[in-house]
Amino acid sequence: MSIVITGATGHVGRLVVESLLRRGVPAEQIIATGRRTEALADFAGRGVVVRRADYDDPASLREAFAGADKLLLISGSEAGRRVPQHRNAIEAAKAAGVRFIAYTSIAHADTSTLLLAAEHRATEELLAAAGVPHALLRNAWYYENYTARLPVYLAHGIVGAAGTGRLSAATRGDYAEAAAAVMTGDGHQGEVYELGGESFTMAELAEVVSAATGQTVTYADLPVDQYTQVLVGAGLPEPVAAVFADGDRGASAGELFVDSDDLERLIGRAPTTLAAAVSTAAAVLRG
């Protein structure tokens, strides 16, 4: 059995490869792919098969997927380009005879009104039409979306437009463990996993950050349009800022809340808590 991972140069992809190795999958049965194969040299040194795969280059995808039994399709990072890119990957997988595909989607992709959800929903539809047995890994938010901003929070507080909405999140590592469990287990065909760990409001996030750092941090809630302009002022292009602000809009309406134990069942343990994730990030910040 060979397992191919797209986007193995990214955060989640690398973690999935590491998880597969820890689970005892022979290195030669893991195919790690990415546009920059030089970034995968460490895996190659451990016996993992490394192949170039570019979502915009169908020929590279067919070559990368050759001989693979299973494919973990990690969603592309180029907003507005994901649907044609994912179509290329799905068609290449089908042509290569891949027998199972797992796709990293977004929470409640079939009903979500988030701007980010549209491309994920379209990809899920492409998978259904392709007729290849598959599973959907609908990931909620990453804790890292917030822990990476600790310096900003400590300097300026937390600003957003999520109101009192509860959102679910987990670490990239937890989502990667779930993906590895699906790729190495049986009976996942046709399953839709709504994945999320602890839920919290942005005000509760501020409390957790305050406790972990010893500095009082508060949350200021803004209308979506004002929050968009704050993000633009922080240097984000307006289209990107609009997507981020829209994420908070969705969170305020509960669209990022996951009432499911799918993540815990897949990884076989309780997901990492928000307090643990923030404490770890605060310790790294302190050096």
- Residues satisfying the stated conditions in the range 4-61, i.e. surrounded by 22 or more Cβ atoms within 10 Å (Cβ to Cβ) and over 22 Å from the mean Cα position of the chain (by Cα): 48
- Per the filter on the range 213-229, residues touching a residue at least 24 places away in the same chain (Cβ under 8 Å) and open to solvent by 70 Å² or more (accessible area, probe 1.4 Å) are 215, 218, 221, 226
- If the Cβ limit is 6 Å and pairs must be 6+ apart or interchain, which residue in the range 36-47 that is without any contact (Cβ under 8 Å) to a residue 24 or more places away in the chain and farther than 14 Å from residue 10 by Cβ pairs with which residue that is surrounded by 12 or more Cβ atoms within 10 Å (Cβ to Cβ) and of a type in the set (Gly, Ala, Ser)? 47/27
- How many residues, within the range 163-175, are within 21 Å of residue 247 (Cβ to Cβ) and under 20 Å from the mean Cα position of the chain (by Cα)? 9
- Message: Based on this model, can you work out whether residue 111 counts as within 27 Å of residue 265 (Cα to Cα), of a type outside the set (A, V, I, L, M, F, W, C) and open to solvent by 10 Å² or more (accessible area, probe 1.4 Å)?
- Response: yes
- Note on the structure: Going through the range 79-106 in order, the residues found to be in contact with a helix residue (DSSP H, G or I) (Cβ under 7 Å, 6 or more places away or on another chain) and either surrounded by fewer than 14 Cβ atoms within 10 Å (Cβ to Cβ) or of a type in the set (A, V, I, L, M) (or both) are 79, 83, 89, 90, 92, 93, 95, 96, 98, 101, 102, 106
- Message: It is to be established whether one or more residues within the range 261-269 are open to solvent by 70 Å² or more (accessible area, probe 1.4 Å) and part of a helix (DSSP H, G or I).
- Response: yes
- Query: Just wondering, is there one or more residues in the range 153-170 that are open to solvent by less than 40 Å² (accessible area, probe 1.4 Å), in contact with a His (Cβ under 9 Å, 6 or more places away or on another chain) and hydrophobic (A, V, I, L, M, F, W, C)?
  - Reply: no
- Message: So for the range 233-247 (the condition being aromatic (Phe, Trp, Tyr) and at pLDDT 95 or above), does at least one residue qualify?
- Response: no
- Subset of the range 242-286, residues in contact with a strand residue (DSSP E or B) (Cβ under 6 Å, 6 or more places away or on another chain) and either of a type in the set (S, T, N, Q) or more than 24 Å from residue 163 (Cα to Cα) (or both), comes to 260, 262, 263, 271
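The values are calculated or read from the model by the stated rules, or taken from the named source; none is laboratory data. If you're wondering where the values come from, they're calculated on a predicted model, not measured in any experiment. Here Cβ is always computed from backbone atoms with ideal geometry, including for glycine, and neighbour counts include all displayed protein chains. Just the protein is used for accessible areas: all its heavy atoms, side chains included, with ligands, DNA and RNA removed. Shrake-Rupley method; radii C 1.70, N 1.55, O 1.52, S 1.80 Å.
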